[in-house]
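Take a look at the structure below.
What follows draws every value from the coordinates through simple rules; no lab data is involved. Quick caveat, the model's predicted, so the values are computed rather than measured. Quick reminder, even Gly has a Cβ in these numbers, built from the backbone with ideal geometry, and neighbours come from all protein chains shown.
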Amino acid sequence: MGKKKQIPLRLSQSLYDAIAAWAEDDFRSVNGQIEYLLTECVRQRKKNGKYVPEQLEEHLEMDLESTPAD
């Protein structure tokens, strides 16, 4: 594998919290979880021409907005 590119990334607090919880469930770092999710999206895009399944696109914003704040 080649050298990895570092990029700045800005996330809302609710999105970060959701990804951090998911990363913990999957025993990954937040950075590793984001890289994993992006890789899966690229694979899905190559497979069927879409970034994510339509069902996910419809519910993504609602799910993040309903995440309770700690």
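Overview of values
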| read-out | value |
| --- | --- |
| Under 5 Å, built H, 5+ apart or other chain: amide partners of Leu11 | none |
| Spin-label model distance (nm) - Leu37 vs Asp17, 7 Å beyond Cα toward Cβ | 1.5 |
